[in-house]
Structure formats: C-alpha cells, structure tokens
1. Restricted to the range 9-34, and to residues that are without any contact (Cβ under 8 Å) to a residue 40 or more places away in the chain and open to solvent by 20 Å² or more (accessible area, probe 1.4 Å), which residue is farthest from Phe230 (Cα to Cα)?
2. Taking the residues in the range 141-173 that are outside any loop (DSSP other than H, G, I, E, B), without any contact (Cβ under 8 Å) to a residue 40 or more places away in the chain and open to solvent by 40 Å² or more (accessible area, probe 1.4 Å) as candidates, determine which candidate is farthest from Lys191 (Cα to Cα).
3. Are there any pairs with C-beta distances below 9 angstrom linking a residue in the range 227-252 that is of a type in the set (Gly, Ala, Ser) to a residue that is in a helix (DSSP H, G or I), with the two at least 6 apart or on different chains, and if so which?
4. Scan (1) farther than 19 Å from Lys300 by Cβ; (2) within 16 Å of the ligand (Cβ to nearest atom); (3) not aliphatic (A, V, I, L, M) for the single condition Pro155 breaks and write down its number.
5. Test of understanding: among Leu81, Leu92, Leu114, Leu64, which residue is within 25 Å of Gln264 (Cα to Cα) and in contact with a helix residue (DSSP H, G or I) (Cβ under 7 Å, 6 or more places away or on another chain)?
6. Look through Leu122, Leu137, Leu118, Leu114 and report the one residue that is hydrophobic (A, V, I, L, M, F, W, C) and either more than 20 Å from Val307 (Cβ to Cβ) or modelled with pLDDT under 95 (or both).
7. Could you look through the range 35-57, keep only residues that are hydrophobic (A, V, I, L, M, F, W, C) and touching a Ser or Thr at 6+ places or on another chain (Cβ under 7 Å), and pick out the one that is surrounded by the most Cβ atoms within 10 Å (Cβ to Cβ)?
8. What residue, of Thr99, Thr94, is free of Cβ contacts under 8 Å to residues at least 40 places away in the same chain, of a type in the set (Val, Ile, Thr) and open to solvent by 20 Å² or more (accessible area, probe 1.4 Å)?
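The values are calculated or read from the model by the stated rules, or taken from the named source; none is laboratory data. All values reported here derive from a predicted model rather than from experimental measurement. All Cβ positions, even for glycine, are placed from backbone atoms using ideal geometry, and neighbour counts span all protein chains on display. Quick note on the areas: whole protein, heavy atoms, side chains included, nothing else; ligands and nucleic acids left out. Shrake-Rupley method; radii C 1.70, N 1.55, O 1.52, S 1.80 Å.
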Amino acid sequence: RKGNVIITGASSGLGLATAKALADTGKWHIIMACRNFLKAEKAAKSVGITKENYTVMHLDLSSLESVRQFVDTFRRSGRPLDALVCNAAIYLPTAKEPTYTADGFELSVGTNHLGHFLLARLLLDDLKKTDFPQKRLVIVGSITGNTNTLAGNVPPKANLGDLRGLAGGLNGLNSSAMIDGGEFDGAKAYKDSKVCNMLTMQEFHRRYHEESGISFSSLYPGCIATTGLFREHIPLFRLLFPPFQKYITKGYVSEEEAGKRLAQVISDSSLTKSGVYWSWNKNSASFENQLSQEASDAEKARKLWEVSEKLVGLA
Ligand code: NDP
C-alpha cells in the first residue's frame, strides 16, 4: 500500500514542494494539514498533485482545540499514519507588539512549537500502531536557531534562558511573551521557536525511539529565500534577500530542491537514523550536522518538554 504522510503547512513553500515531490513518487498519499482549505486545494492543483494522491484536512496550529479536532478527524478517516512532518511556521520580524494564539500564547512560539508539540504528542500513538516498514516524525528546524553558524549569529540571537517566560504561560500578562522572560522581539521569537523544534525532536528520540522504532529527525533544508515565510518583512528585504542568498552567501535553494530534501528525510531508506539534524552540502549530498550548544542541551530539552506538556494540557 501507499504510505500516508501528514504535512502541516502544505499550502505553500517547503510544505507544498515536499507534498509534490512525494506525490510524484506514486508511493505516498499526502494529508495536507492546513488552516486555509481553499488555498491548500488551489496550491495542490497549481503544482499538479493529482486528486487521488492528497486529502486536505483543516488544522490551525494556533489553537489547541483545532489541533485536537484535527487528530479526531484524521483518526475517523481510518487511514494509518506512517509519517508526520511538522513544517508549518510563522515569522513576524517586523512586529512591534506580540500577538497571541487562541490559548493566549505568543503567536510564533505558540504556533511553531506548542501547536506542533501537542500534535506530535497525540499522533505518536498512531505512528506506533502502523505496520509500515519505516515510521518517521520530522520536525523542520533551521540554521537561524543555531548559534554555532554564521546565520545563527545575526542578532537577535536565539536564547531560551531558563524558560521563565514559557513556564509563566508566555502570555504577556503575568509573564513575558518571550521564552527567556525578556522584551518582545518578533525575529527572536521565531528563532527561539526553531530551537524548541530541534530540542523537541531530540527529546522524542530519547524517550521513544527505542521502544517504538520511530525515526525522529530534523533538518535545515537550505535558505529558501522565495517562500511566504518572509511575507511580513519590509519590501526592501524581500527584494534583496533572494539575490543576497544566491550570490553572496550561496546558501540559496529553490523550493523544488528543498522539497526534494525534506522528501528524502521522509522516505529515503538511507536517511533512517533517529535523533539526527540533517543538512546538505553544495553538491546536494546529505550529512548529519551539528547543533549549537543550546539546541543540543539535553537538560533544557527535558525541561522544555515538561513545561510544554503543562501548557498544552497533557500534564
Ligand atoms: P511558508 O510561509 O511558505 O509556509 C509556511 C506554512 O505554514 C504555510 O502553509 C502556512 O499556511 C502555514 N501556517 C502558518 N501558520 C499556520 C497555522 N496557524 N496553522 C496551520 N498552518 C500554518 O514558509 P516556508 O515554506 O519557508 O517554511 C516552512 C518551514 O521551513 C518552516 O518550519 C520554516 O521555519 C522552515 N525553514 C524555512 C527556511 C526558508 O529559508 N524559507 C529556512 C529554514 C527553515 P498559509 O498558507 O495558510 O499561510
């Protein structure tokens, strides 16, 4: 049978390119988990994913209720779950003030980390049950959260501190809207959320890989300077960023190439190792990359897991 893969945020950019790459193999049925149903349908059509290869299911990661409803809807579809890809993200670099999810968490961390944390935790049971030969859970990371890289050293740098803001509810009322308890900064909130994504992947690996056989991984697909992620940025940035990445940093990858990379992490039989953060070199060959000290801090990962469990109502 075909594999069934859920991809969050498959309505644009990397998620859509990955859906396309997997659909083209003829071996996968893609569940496009998206907040905008019509946009997702149009996106699937625009890249030529055929009807029998995908299903759009509503998911708004900025609402825990929506995450729970999505899981119910998916289970009622009767499909086994063979792979889950936590890909969706928002980036609000020009926001002056924090905005919040339905549950009152700062929007970038609430969506990119907490929404995905609940989703992945709930769907773990489904992944455990499948008889598929290789079960995978991929959480998309980024170089920007890695302070051991050049890109990760562009201020404001990611830093989760002692998680005091998160532990306080990340709500801007009785706690800060930032994980480390500091002043709101939209660009930093995104980078912090990506560190959470990479820490969560490793904590999943430590807790569940041996018992379940599921491969947990993260990746940096390259700089896909053309996606909607930069839609909130100032116009001059949006104009100059793609050529800057293409000709100066040479980190640029097309959406199509990035989609092929993520598709490899989901389905290639040579990328099954669990607990790995994948990257690609200039010749598009994959390798196991190193994470920054903070993004590989096991003690912080455990604490993040426990605090996140409380916030999403699992503990
Ligand atoms: P896009 O903005 O093109 O795609 C993001 C997707 O997330 C969209 O489909 C968007 O939906 C969806 N999304 C946003 N908020 C929600 C929500 N509340 N509920 C459900 N879905 C939501 O960006 P990219 O393709 O660039 O980003 C994809 C991933 O790649 C992210 O995890 C990002 O951190 C990562 N990444 C990107 C890099 C880049 O250079 N672009 C580099 C490294 C990592 P909608 O279509 O409705 O807006």
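1. Selected residue: Gly26.
2. Looking at residues that are outside any loop (DSSP other than H, G, I, E, B), without any contact (Cβ under 8 Å) to a residue 40 or more places away in the chain and open to solvent by 40 Å² or more (accessible area, probe 1.4 Å), I get Arg164.
3. Listed pairs, sorted by first residue: Gly228/Gly13; Gly251/Ile143; Gly251/Ala151; Gly251/Gln245.
4. So the condition that Pro155 fails would be (2).
5. Leu81
6. Answer to the check: Leu137.
7. Of everything passing the filter in the range 35-57, Ala40 is surrounded by the most Cβ atoms within 10 Å (Cβ to Cβ).
8. Thr99
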